[in-house]
Amino acid sequence: MKEERLKKILLALGALLTVLFCLSPFFYMALTGLSLHPDFLLPDRPLCITLSHFHTVVASDSVHFVAFLRNSLIISTASAVICVFIASLAAYAITRLPVPGKVFLMFLVLAVSMFPPVSLVSYLFKLMSALGWINTYQGLIFPYVAWTLPLSLWILISYFAQVPKDLDRAGLIDGCSRLQILVKIIFPVAAPGIFSTMLLAFVFAFNEFLFALMLTTDHSARTVPVGIALFEGLYGQIPWGEIMAATTITTIPVVILTLMFQRRIIQGLTRGAVKG
């Protein structure tokens, strides 16, 4: 009995230390944003709590942080929805229909995704300039969809493969079309996997920096990562307090989404990864 209790105590202690280790960068970031002096860890710098950095980030007209955050949310959400919808159609066709060379197609999609973004950004800039999409939402949404599509496709293929094909046959007997089967039968059954894929696509688009830097020119379409990186140019020096405050605010929506839907995310990823 004592041995079991000791194991539980050690397990709880290990889990607590792991959580503290993982969250320590976030706590330090939040404290830096709340501190009057960013170097508060020095012996001669006491920790003075203030909300001035957060107020500057949110209320200042020259920072445009609210516009950056709005752009990121709109672009990331649209990219994730479009990407998952296209990937769902492709995954259903690969796992359900007699598509010739489906294995070759899957590896071709995977090979294309391995190209580094920096090798394509110049051609992408020329294309977006020709289309007149520089500094627009669609100028970022379409590259994000294309770049996230391979990962989304592979995750959804592994998940759709676990859905019994008897459901498709039952739908066909009831007179449903393939699209109706996908929307009314497969989507509800595969909802955890679809949601987890959508969240991963959202996080990728939300954190992307290179395309957002090259394809935007001002706050009308610029996203949060680029906006925060350009804080130094606005202040003439590195404003660590404002940077950490903005980063803390930016992190909160992703953390809230992950905490709210963590069970669905884990369920979706594990069901798609385990056969049977």
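Here are the numbers:
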| item | result |
| --- | --- |
| Amide N proximity, the stretch 66-102 versus C176 label position 7 Å along Cα-to-Cβ, cut-off under 17 Å | 88-97 |
| The chain: most fluctuating residue of M128, M114, M106 per GNM, C-alpha cutoff 10 Å | M114 |
| Placed amide H near S35: partners under 5 Å, 5+ positions off or other chain | T50 |
| For the stretch 166-177, 3J(HN,Hα) per residue [Karplus equation, 6.51 cos²θ - 1.76 cosθ + 1.60, θ = phi - 60°, Hz, x = Gly/Pro] | 4, 5, 5, 5, 5, x, 5, 5, 6, x, 7, 7 |
| Cα lying deepest toward the dipole's positive end in the stretch 1-50, options T50, L17, M29, charges on Cβ | L17 |
| Label-zone membership for the stretch 78-101, site S113, 7 angstrom Cα→C-beta point, backbone N under 13 Å | 83-84, 87-88, 91 |
| Calculated FRET value between L131 and L105, using beta carbons and R₀ = 22 Å, to 0.05 | 0.20 |
| Exposure proxy ranking, count of Cβ atoms within 10 Å, fewest first, for F202, F211, F142 | F142, F211, F202 |
| Semi-axis lengths (Å, descending) of the ellipsoid that matches the C-alpha gyration tensor of the chain | 40, 29, 15 |
| L210-E4 FRET efficiency (beta carbon distance; Förster radius 45 Å; 0.05 resolution) | 0.30 |
| Computed magnitude of the charge dipole of the chain (debye, nearest 20; Cβ of K, R +1, Cβ of D, E -1) | 1180 debye |
| Tilt relative to the chain, helix 240-260 - C-alpha long axis, 0 to 90 degrees, to 10 | 30 degrees |
| Degrees separating the helix 191-207 axis from the principal Cα axis of the chain, which is the longest one | 40 degrees |
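Coordinate-derived values only; no laboratory data. Just so it is clear, the model here is predicted, and its values are computed rather than measured. Because the Cβ atoms are built from the backbone with ideal geometry, glycine has one as well, and the counts that use them run over all protein chains shown.
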